[in-house]
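Chemist: Sharing a structure with you now.
The values are calculated or read from the model by the stated rules, or taken from the named source; none is laboratory data. Values in this document were obtained by computation on a predicted structure and should not be read as measured data. Note: ideal-geometry Cβ built from the backbone for every residue, glycine included; neighbour counts use all protein chains shown. The accessibility values were calculated without ligands, DNA or RNA, using every heavy atom of the protein model including side chains. Shrake-Rupley method; radii C 1.70, N 1.55, O 1.52, S 1.80 Å.
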Amino acid sequence: MLAQQKQSISDLFSSALKPLVAGTDLQPSITLERPRDPSHGDIACNIAMQLAKPLKKNPRELAQAIVAAVLADPARDGLIESAEIAGPGFINLRVAAAAKQAVVKAIHEQGADFGKSRAGEGKKVLVEFVSANPTGPLHVGHGRQGALGDALSSLLEVQGYDVLREFYYNDAGVQIATLATSVQARARGFKPGDAEWPESAYNGDYIADIARDFLDKKTVSASDGEPVTASGDVGDIESIRRFAVAYLRHEQDLDLQAFGVKFDNYYLESSLYADGKVAAAVEALVKAGKTYEQDGALWLRTTDYGDDKDRVMKKTDGTYTYFVPDVAYHINKWQRGYGKVINIQGSDHHGTIARVRAGLQAAGVGIPQGYPDYVLHKMVTVMRNGEEVKISKRAGSYVTLRDLIEWSTGEAAEGAERDLTRGRDAVRFFLISRKADTEFVFDVDLALAQSDENPVYYVQYAHARICTVLGKWGGNEDELKNVADLSPLTAPREAALLAKLAEYPEMLAHALQELGPHQVAFYLRDLAGELHSYYNAERVLVDDVPTRLARLALMAATRQVLRNGLALLGVSAPARM
């Protein structure tokens with residue numbers, strides 16, 4: 001049911017209740033729900049049972065009075081077909097066929113805008129995700145973050161929010177120092193297993209690639225920095241560091257490009273120190289009286305904000321613990337005008353939430369409790385040829401996002417250029433198709449399967465099937481936008497498909513409320529199922545012209561919603577499979 005229709009029905013109930021609650025201070029809250037059993041009707045309302053006790057009336061008698069008033073209201077014409085009372089006082093409504101069919105016209109009128117709202121208009125949201133330090137190729141966990149973060153950002157955008165996609169990383173620190181010494185050892189001719197190989201070094205083949213290009217004095221550039229030219233001097237560790245960081249940031253750019261993810265802004269952790277933001281945050285916490293010194297370290301009283309113990313801010317060696325720059329970073333997000341911030345991170349970050357939020361409260365800069373929001377995701381296990389895959393030769397210790405995309409693409413036809421779109425679609429859809437807080441098994445064999453068991457193939461095939469039907473018809477598709485007579489759409493499978501199409505806008509709003517883009521994937525799978533069931537139950541290209549046009553209009557509307565949902569997830573909608 002479309003939002004405006006639902007609002008009209010709610011208004012009918014409000015009008016019916018006015019004389020019943022007159023003289024009282026009751027303000028009824030009307031909730032309209034879909035009955036679990038479709039045979040009970042299209043909409044259920046329990047308002048009679050809510051009001052029975054305060055009005056001191058029998059709930060069924062009260063329900064009868066409400067139904068009588070609703071059915072007598074001229075505004076219900078063309079909207080409500082019938083109403084009945086069930087059980088102790090449930091009101092079940094059956095919506096008029098014309099009202100159900102109206103969704104087809106709405107979809108054709110709105111096109112790519114169907115499902116959008118202005119709920120977030122004028123509000124800014126910063127979504128931070130991936131945020132991988134440039135120490136190696138992106139792994140499948142980063143892929144899950146990329147899929148979740150990008151889809152959640154798109155969900156926010158279709159609800160009218162002004163969204164900034166941000167990538168936060170460190171170009172200094174222990175991990176980057178390890179990267180530089182690893183490349184330096186490779187450049188000197190050493191490899192893993194040699195006595196001279198550093199114990200903590202990164203062992204992947206990519207280290208050898210960086211060392212070779214460094215020695216060749218190549219130039220690399222990432223999307224967020226100036227080009228860096230290697231000096232070729234194996235003794236110049238700073239030159240090696242800058243080149244290795246730029247090299248791997250460029251590799252990340254290529255991976256993200258293959259994955260269809262774009263960021264609006266890149267933020268360097270080192271800039272928080274260089275710009276004095278970390279020092280300012282620490283000063284604010286000290287001034288607020290929320291710190292103390294003990295055993296040569298500076299501590300933050302995070303227990304004042306629900307943490308299980310106080311946390312060290314500055315260690316005895318004078319360096320800050322990792323949550324301190326996080327506090328400074330989020331103060332900066334707030335100061336940039338982002339009243340809502342969502343962080344997509346691995347579940348191993350769970351322990352940092354309480355201390356970051358405590359630091360933000362203690363700083364006393366006006367940040368509300370519960371800032372920022374977090375979406376934490378669990379691990380991804382990769383299966384291929386029936387076995388778990390744990391190691392990538394390129395990375396040395398984990399499966400990379402690039403591996404997953406390439407494996408899920410399959411082999412290119414002989415003489416043809418390899419197109420990674422298929423692999424990207426499968427990886428994005430699969431990684432979004434489960435709640436973030438559930439562990440996920442990515443089955444490469446399933447991603448390659450051209451069957452109903454493969455969810456992305458199942459949904460894309462529904463889109464392609466509609467394209468085939470419209471192609472066989474051969475008419476002008478623009479004419480379908482103006483089909484005036486949709487009354488032939490009364491078959492059971494048509495009613496089910498119409499109802500599923502009407503759910504789309506409400507589903508988007510609910511998915512955003514729950515910060516759960518997986519609901520979009522669930523919906524698309526269900527919509528594809530309704531389309532396939534309808535296609536198998538009814539012939540579309542019948543001889544009767546009004547019926548044929550109405551059914552073609554329904555098919556084209558379904559294609560549009562499939563297209564809209566797939567675009568939101570960053571997945572293509574092929575016309576042929």
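Chemist: Lysine pairs in segment 308-449 with alpha-carbon atoms under 27 Å apart, 8 or more places apart or on different chains: how many are there?
Modeler: Qualifying lysine pairs in segment 308-449: 12.
Chemist: Based on C-alpha coordinates, I'd like the Rg and Dmax of segment 1-142, in Å.
Modeler: In Å, with Rg to one decimal and Dmax whole: 21.7, 71.
Chemist: Which Cα, out of GLN450, LEU470, GLN513, lies furthest along the positive dipole direction of segment 431-552 (beta carbon charges, K/R +1, D/E -1)?
Modeler: The Cα lying farthest towards the positive end belongs to LEU470.
Chemist: Against the longest alpha carbon principal axis of the chain, how many degrees, from 0 to 90 and to the nearest 10, is the axis of helix 323-335 turned?
Modeler: Computed tilt is about 50 degrees.
Chemist: Find out how many positive minus negative residues lie around TYR266, taking Lys and Arg as positive, Asp and Glu as negative, among other residues whose Cβ is under 12 Å from that of TYR266.
Modeler: Result for the local shell: -4.
Chemist: Moving on. Skip the ligands, DNA and RNA, and give the accessible area per residue of segment 161-236 with a 1.4 Å probe, whole Å².
Modeler: 49 Å²
Chemist: Straight distance only, please: which aspartates and glutamates reach the Cα of LYS481 with their own Cα at less than 15 Å, same-chain residues fewer than 8 apart left out?
Modeler: Partners within reach: GLU109, ASP113.
Chemist: Between GLU387 and SER451, what length comes free when the chain is fully extended (0.36 nm per residue of separation minus the Cα-Cα distance, one decimal in nm)?
Modeler: Fully extending the segment from GLU387 to SER451 adds 21.0 nm.
Chemist: Measure nothing fancy, just the Cα-based angle from helix 140-158's long axis to the longest principal axis of the chain, in degrees from 0 to 90, nearest 10.
Modeler: Result, in degrees: 40.
Chemist: Turning to a different aspect of this structure: With the contact rule set at Cα under 8 Å and sequence spacing of 6 or more, what percent relative contact order holds for the chain?
Modeler: 15 percent
Chemist: What does the charge dipole of segment 172-277 about its Cα centre add up to, to the nearest 20 debye, if the Cβ of each Lys and Arg holds +1 and the Cβ of each Asp and Glu holds -1?
Modeler: 100 debye
Chemist: A follow-up question, please. Does anything in segment 100-130 have its amide N under 16 Å from the 7 Å Cα→Cβ label point of HIS510, and if so which residues?
Modeler: From segment 100-130, the list is 115.
Chemist: Can you tell me the alpha carbon radius of gyration of the chain divided by the globular rule-of-thumb value 2.2 N^0.38 Å?
Modeler: 1.18
Chemist: A follow-up question, please. Give the carbon-plus-sulfur fraction of the accessible surface of the chain in %, rounded to a whole number; probe 1.4 Å, heavy atoms of protein chains only.
Modeler: C and S atoms contribute 47 percent here.
Chemist: Using Cα atoms only, what is the angle between the long axis of helix 518-537 and the major principal axis of the chain, expressed in degrees (0 to 90) to the nearest 10?
Modeler: With rounding to tens, the tilt is 50 degrees.
Chemist: Sticking with this one: Return the distance in nm (one decimal) between the two label points of a simple spin-label model at ALA86 and SER347, each offset 7 Å from Cα along Cα→Cβ.
Modeler: Here the modelled spin labels are 3.7 nm apart.
Chemist: Place a +1 charge on the Cβ of each Lys and Arg in segment 472-577 and a -1 charge on the Cβ of each Asp and Glu, then give the dipole magnitude about the Cα centre in debye, rounded to the nearest 20.
Modeler: The calculated dipole for segment 472-577 is roughly 360 debye.
Chemist: So for the chain, taking the charge dipole from beta-carbon charges (+1 Lys/Arg, -1 Asp/Glu), which of THR302, LEU138, ALA83 sits furthest toward the positive end?
Modeler: Towards the positive end, the residue furthest out is ALA83.
Chemist: For LYS57, go through the lysines and keep the ones whose alpha-carbon is under 24 Å away, minus same-chain ones fewer than eight residues off.
Modeler: LYS18
Chemist: Just want the answer: with Cβ charges of +1 for Lys and Arg and -1 for Asp and Glu, which residue in PHE13, ALA97, PRO54 is farthest toward the dipole's positive end in segment 1-123?
Modeler: PRO54
Chemist: Placing +1 at every Lys and Arg Cβ and -1 at every Asp and Glu Cβ, with all other atoms neutral, what dipole size does the chain have around its Cα centre, in debye to the nearest 20?
Modeler: Dipole size: approximately 1080 debye.
Chemist: What is the gain in length, in nm to one decimal, between SER15 and ARG394 on full extension, counting 0.36 nm per residue of separation less the C-alpha to C-alpha distance?
Modeler: Gain on stretching SER15 to ARG394: 129.7 nm.
Chemist: Ignoring ligands, DNA and RNA, what accessible area per residue does segment 31-113 give at 1.4 Å, in Å²?
Modeler: For segment 31-113, the solvent-accessible area averages 53 Å² per residue.
Chemist: Further, regarding this structure: As a check on your grasp of the helix formula, calculate [θ] at 222 nm for the chain: sum -39500 (n - 2.57) over DSSP H runs of n ≥ 4, divide by the residue count, round to the nearest 500.
Modeler: So the helix-based figure for the chain works out to -15500 deg cm²/dmol.
Chemist: Let me ask something additional. Considering only protein heavy atoms, with the full assembly of protein chains and a 1.4 angstrom probe, order SER223, SER392 by accessible area, largest first.
Modeler: Ranked list, largest accessible area first: SER223, SER392.
Chemist: Here is a further query. Which FRET efficiency, nearest 0.05, do LYS287 and LYS218 yield, Cβ-Cβ r, R0 30 Å?
Modeler: The computed FRET efficiency comes out at 0.05.
Chemist: If you don't mind, there's one more thing I want to ask. Scaled to the compact-protein estimate 2.2 N^0.38 Å, what is the alpha-carbon radius of gyration of segment 489-577, rounded to two decimal places?
Modeler: Against the empirical 2.2 N^0.38 Å value, I get 1.16 for segment 489-577.
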